[in-house]
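The values are calculated or read from the model by the stated rules, or taken from the named source; none is laboratory data. The structure presented is a predicted model; accordingly, all values stated were derived computationally and were not measured. Glycine also receives a Cβ, built like all others from the backbone with ideal geometry; neighbour counts cover every protein chain displayed. Only protein heavy atoms, including side chains, enter the accessible area calculation; ligands, DNA and RNA are left aside. Shrake-Rupley method; radii C 1.70, N 1.55, O 1.52, S 1.80 Å.
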Amino acid sequence: STVSKNSLESSLHQLECHFTWSLLKEDVDLDDLEEKLKDQREFLVKTNIINYNLLSYVCYLKNSNKEALNNLKKAEKEVKKNHPDEISRSLVTWGNYAWIYYHMGRYKDAQTYVNKVKNICKKLSSTAECKIQLPEIYAEQGWALINFGKKYYERAKNCFENALQKEPNNQEFNSGYAITMYRLEDYFQRQCEEISLSLKPLQRAVELDPEDTFVLVLLAVKLQDLKRADEGEKYIEEAMEKAPHLPYVLRYAAKFYRRKGEVDKAIEILQKALEMTPKSVFLHHQLGLCYRKKLFQLKHTTRYPPQEQMDELIQLSIFYFKIVTEQKTKFFSAHTDLANMYAEAKRYEEAEEAFQKASQINILCSDDKQEFCYHYGNFHRFCKKLDSEAIRYYIEGMNIEKDSYFSHKCRTALKKLLEQRIQRGLGDATDFGTLGLVHNLNGEKHEAIKCYEQAVALCPGNEEYLSALCELQLAI
């Protein structure tokens with residue numbers, strides 16, 4: 001009856017589960033996420049209930065409700081086996097059951113699960129509401145958010161913080177919080193490497209659970225970022241001793257050695273990891289990065305690097321990046337890496353095509369868009385010799401978000417290009433005006449005034465340059 005359907009709907013929205021956490025399918029590559037969760041289920045056994053619950057939601061998003069229900073059954077088995085006394089462990093699973101049955105039109109079954117949740121909530125708290133604030137539910141929401149990508153990291157951080165307020169010494173919550181902070185920093189803190197917000201959380205997580213090899217390797221890579229590589233290497237060795245067959249450990253160990261310059265060692269580790277998870281796009285991407293690093297090493301250490309050797313490294317790099325972009329169409333940096341490698345091989349049409357694919361990915365955050373503008377600007381400047389296009393993309397990148405790693409890169413590249421044009425006598429009013437803007441952004445007021453004066457001299461009636469010039473003169 002419609003009444004029960006309406007009351008059912010309002011109850012469903014009160015449940016704490018993947019269906020009420022605003023996880024949007026357009027923000028993630030579903031096939032890739034499913035693959036990743038299956039790997040995690042095999043190798044990171046600790047979070048199995050959480051994995052099955054999230055897998056059920058992913059299956060629902062892929063329109064396979066039967067698969068979704070199967071995963072929920074597996075989650076229930078896990079609870080019975082490992083947490084028989086903790087009734088709250090099933091709340092998210094039951095919430096997902098209710099939603100999936102509702103979407104299948106099985107309203108009676110959906111209501112049964114809503115009631116199960118309500119009964120537990122009554123036992124656990126005095127309120128009759130299903131919105132119950134349990135630390136393990138906050139944590140589970142945190143794990144789901146992390147898996148849905150960069151846009152969700154800030155929310156994930158809040159979830160783990162909420163869980164830790166209730167249970168500050170919980171190993172799993174500390175580990176989730178540390179991983180989230182590491183990821184957040186990886187994307188947004190690149191420009192100020194000397195401070196690190198994730199170092200303390202990572203150290204705390206390792207202290208609480210020295211067997212958590214995943215956190216161990218993240219701590220190692222973070223120490224390497226902070227120029228404390230010797231300290232980091234101890235953790236890498238420890239993790240590889242404890243879990244020599246864990247792909248997660250191997251992939252970060254490989255990253256560590258690649259960045260340290262021991263590229264052959266990194267390649268060896270990655271090949272070993274690939275035997276265990278042959279479909280892993282991360283591993284293929286890392287291999288591509290390794291061969292790229294070998295290419296750059298060869299170029300910088302040899303005066304006349306043998307063309308044959310260079311070509312071979314370029315080919316290997318392209319080979320691995322291509323596998324990644326074909327398997328994971330939304331892996332942004334793999335597309336730009338591939339584009340830059342094609343450019344390196346002077347295969348400009350293929351480079352252009354790869355850049356176009358990168359720009360069309362629909363889950364890009366502002367960081368990615370800026371990175372794209374920087375690389376694409378370079379491509380126009382160095383390969384196509386089109387200064388005007390390069391300038392256009394550098395400016396676009398600068399304007400997306402003022403204070404980030406790639407906005408600085410765009411600004412620096414733009415300044416250099418404009419100065420070169422002016423030195424070669426090619427500078428027009430627009431070049432001087434743009435350089436004035438760059439100086440102004442850098443806080444170099446006097447240089448900015450000089451540029452705007454030149455711009456006005458070349459184009460006397462231009463309102464934009466005149467008003468910029470007046471503002472600067474008043475400010476000094």
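Worth pointing out:
- Yes/no for Leu72 being farther than 30 Å from Thr213 by Cβ, open to solvent by less than 70 Å² (accessible area, probe 1.4 Å) and at pLDDT 90 or above: no
Here's the yes/no breakdown for (1) modelled with pLDDT of 95 or more; (2) surrounded by 19 or more Cβ atoms within 10 Å (Cβ to Cβ):
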| site | (1), (2) |
| --- | --- |
| Lys118 | no, no |
| Lys123 | no, no |
| Lys131 | no, no |
| Leu145 | yes, yes |
| Lys150 | no, yes |
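A quick yes/no check of all residues on (1) among the aliphatic types (A, V, I, L, M); (2) part of a helix (DSSP H, G or I); (3) open to solvent by 60 Å² or more (accessible area, probe 1.4 Å):
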site: Asn6; (1), (2), (3): no, yes, yes
site: Ser10; (1), (2), (3): no, yes, yes
site: Glu16; (1), (2), (3): no, no, no
site: Phe19; (1), (2), (3): no, yes, no
site: Leu23; (1), (2), (3): yes, no, no
site: Asp32; (1), (2), (3): no, yes, no
site: Glu35; (1), (2), (3): no, yes, yes
site: Gln40; (1), (2), (3): no, yes, no
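- Filter result for Ile395 (surrounded by fewer than 19 Cβ atoms within 10 Å (Cβ to Cβ) and either among the acidic types (Asp, Glu) or within 24 Å of Glu185 (Cβ to Cβ) (or both)): no
- Boolean, Val58 is touching a Lys or Arg at 6+ places or on another chain (Cβ under 9 Å) and crowded, with 17+ Cβ neighbours inside 10 Å: yes
- All helices (runs of 4 or more DSSP H) inside segment 366-476 with 1 or more residues being within 24 Å of Ala339 (Cβ to Cβ): 366-378, 387-400, 405-423
- First in segment 405-432 and at pLDDT 95 or above, second anywhere and outside any helix (DSSP H, G or I), Cβ under 6 Å, 6 or more apart: Arg421/Gly427; Ala429/Cys459
- Yes/no for Tyr97 being open to solvent by 70 Å² or more (accessible area, probe 1.4 Å) and aromatic (Phe, Trp, Tyr): no
- The one condition in (1) assigned by the TED database to the domain that holds Ile50; (2) under 21 Å from Leu61 (Cβ atoms); (3) open to solvent by less than 60 Å² (accessible area, probe 1.4 Å) that Arg106 fails to fulfil: (3)
- Residue that is nearest to Leu24 (Cα to Cα), among those in segment 83-94 that are open to solvent by 10 Å² or more (accessible area, probe 1.4 Å) and in contact with a helix residue (DSSP H, G or I) (Cβ under 8 Å, 6 or more places away or on another chain): Trp94
- Residues in segment 351-373 that are closer than 24 Å to Asp431 by Cβ and either open to solvent by less than 10 Å² (accessible area, probe 1.4 Å) or over 18 Å from the mean Cα position of the chain (by Cα) (or both): Gln370, Cys373.
- Matching residues, segment 280-338, being among the charged types (D, E, K, R) and either at pLDDT below 95 or touching a Pro at 6+ places or on another chain (Cβ under 8 Å) (or both): Lys299, Arg303, Lys328, Lys330
- Note on segment 103-178: enclosed helices (runs of 4 or more DSSP H) holding 3 or more residues that are closer than 30 Å to Asp29 by Cβ are 135-147, 153-166.
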